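Q: Have a look at this one.
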Amino acid sequence: MSTNSRGNRSKKGPTKGTGGNGRKSLEGRGNTPRAEDRSWHVAGKRKAAKERLEAARGGSKPRPAQREGGAPRRARTDDSTELVTGRNSVVEALRAGIPATTLYVAARGEMDERVKEIFKIATERKIPILEVMRPELDRMAGRDAVHQGVIIKVPAYTYADPMEELDRAIQRRRNPLFVALDGITDPRNLGAIVRSVAAFGGDGIIVPQRRSVGMTASAWKTSAGAAARLPVAMASNLTATIKAYKKAGVFVIGLDGDGDVSLPSLELATSPLLVVVGSEGKGLSRLVTEHCDAIVSIPIDGATESLNAGIATSITMYEVSKLRAAKRAAK
């Protein structure tokens, strides 16, 4: 005899069955579906992208994305202005066309060739010039910045809306080509990407609202003026924007060193395209990867671990523009 937890005596022996309640769990789940029938599998994504591509070639075109309630969205701006300090930085920023709103110069400051050029550009662009005492410049620049007697104020950047930019590209009867950034935090990378996208005929850049670099003065300078003619849009939720672009007929590819598609053989290059670029360290986020039609890799020498985001985007934009030009020439 044995005693249970309540102290009751019970006999040893066979316990009662479940009465067939567990029968289904013993039957198994049936045959494992093929890889191409699993939507989350690489083969499944490739199959879905192929079906969408065939449908697009059958005559369907990108369509304007639908918004809830049909209300237009407002462009966002950064919360604060930015200061560019130092003679070299200021003259380079003005050469690059950075949209400065005010030039501050030290009273009775030393004039050299850089300062003369700064005055010349500011006068030509009708930027207000304010002469202030050096202590005021010291206060504006802060402890760690060296202003050398010149500071320019850069206004808050006004971001475009990603869905409105897609609509504009479609209305211009263009084959949309956008680049979205996933976790890029270096403003120089953003500036280089803006420059590449503009050079190869892209329609715009999309940056997420969180955990991403914005259009700072450094990004403006690195873009070498391209930021003045190429819109940068801000997405409150990058994954939701990717879904909306796909719904509008745009194919989405992510760049990753371990991608299953090689860039030179990218069949989607001639279709409406959104290229998503991840950070050099972490790559693409999981949610973004799940919603890409294809993960694309750039063939590089095995001794090189990876390319930074700016270079990878430049190579991809060049290859896409080359494949598109080849298709146009073949018609």
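Q: Could you list, in sequence order, the residues of region 220-240 that are open to solvent by 30 Å² or more (accessible area, probe 1.4 Å) and either within 14 Å of the chain's Cα centre (by Cα) or not charged (D, E, K, R) (or both)?
A: Thr222, Ala224, Ala228, Pro231, Ser236, Asn237, Ala240
Q: Okay, next question. If the Cβ limit is 6 Å and pairs must be 6+ apart or interchain, which residue in region 86-112 that is over 21 Å from Val194 (Cβ atoms) pairs with which residue that is open to solvent by 40 Å² or more (accessible area, probe 1.4 Å) and outside any strand (DSSP E or B)?
A: Close Cβ pairs satisfying both conditions: Gly86/Val146; Gly86/Gln148; Arg87/Arg114; Arg87/Gln148; Thr102/Pro128; Ala106/Arg134; Ala107/Met133.
Q: So, one more: Taking the stated definitions as given, is Ile184 open to solvent by less than 60 Å² (accessible area, probe 1.4 Å), in a strand (DSSP E or B), within 29 Å of Ala198 (Cβ to Cβ) and out of contact with any Lys or Arg (no Cβ under 8 Å at 6 or more places or on another chain)?
A: Judged against the criteria, Ile184 is not a match.
Here is a yes/no grid of residues against (1) assigned to a strand (DSSP E or B); (2) farther than 29 Å from Ala156 by Cα; (3) open to solvent by less than 10 Å² (accessible area, probe 1.4 Å):
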| site | (1), (2), (3) |
| --- | --- |
| Asn189 | no, no, no |
| Ile205 | yes, no, yes |
| Ser218 | no, no, no |
| Ile242 | no, no, yes |
| Gly254 | yes, yes, yes |
| Gly257 | no, yes, no |
| Val276 | yes, no, yes |
| Cys292 | no, yes, yes |
| Ile300 | no, yes, no |
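Q: Another question, if that's okay. May I ask you to verify whether Ser212 is polar (S, T, N, Q) and touching a residue at least 60 places away in the same chain (Cβ under 8 Å)?
A: It is false that Ser212 is polar (S, T, N, Q) and touching a residue at least 60 places away in the same chain (Cβ under 8 Å).
Q: Regarding region 85-106, can at least one residue be identified that is on the phi > 0 side of the Ramachandran plot, open to solvent by 60 Å² or more (accessible area, probe 1.4 Å) and assigned to a loop (DSSP other than H, G, I, E, B)?
A: Looking through region 85-106, none of the residues is on the phi > 0 side of the Ramachandran plot, open to solvent by 60 Å² or more (accessible area, probe 1.4 Å) and assigned to a loop (DSSP other than H, G, I, E, B).
Q: Going by the conditions given, is Val179 without any contact (Cβ under 8 Å) to a residue 40 or more places away in the chain, crowded, with 22+ Cβ neighbours inside 10 Å and out of contact with any Asp or Glu (no Cβ under 7 Å at 6 or more places or on another chain)?
A: Spelling it out, it is not the case that Val179 is without any contact (Cβ under 8 Å) to a residue 40 or more places away in the chain, crowded, with 22+ Cβ neighbours inside 10 Å and out of contact with any Asp or Glu (no Cβ under 7 Å at 6 or more places or on another chain).
Q: Looking only at region 191-203, how many residues end up being charged (D, E, K, R) and outside any helix (DSSP H, G or I)?
A: Looking only at that region, the number is 1.
Q: Continuing with this model, one more query. Just to verify a result, which residue in region 150-163, among those that are outside any loop (DSSP other than H, G, I, E, B) and under 16 Å from the mean Cα position of the chain (by Cα), is surrounded by the most Cβ atoms within 10 Å (Cβ to Cβ)?
A: Within region 150-163, the match that is surrounded by the most Cβ atoms within 10 Å (Cβ to Cβ) is Pro162.
Q: Can you name every residue in region 107-126 that is crowded, with 18+ Cβ neighbours inside 10 Å and either in contact with a His (Cβ under 8 Å, 6 or more places away or on another chain) or in a loop (DSSP other than H, G, I, E, B) (or both)?
A: Listed by number, the list is empty, since nothing qualifies.
The values are calculated or read from the model by the stated rules, or taken from the named source; none is laboratory data. Treat the numbers as computed from the prediction; the structure is a model and nothing was measured. Positions of Cβ are generated from backbone atoms using ideal geometry, with glycine treated the same way; all protein chains shown enter the neighbour counts. When the accessible area is computed, the model is the full protein with side chains, heavy atoms only, and any ligands, DNA or RNA have been set aside. Shrake-Rupley method; radii C 1.70, N 1.55, O 1.52, S 1.80 Å.
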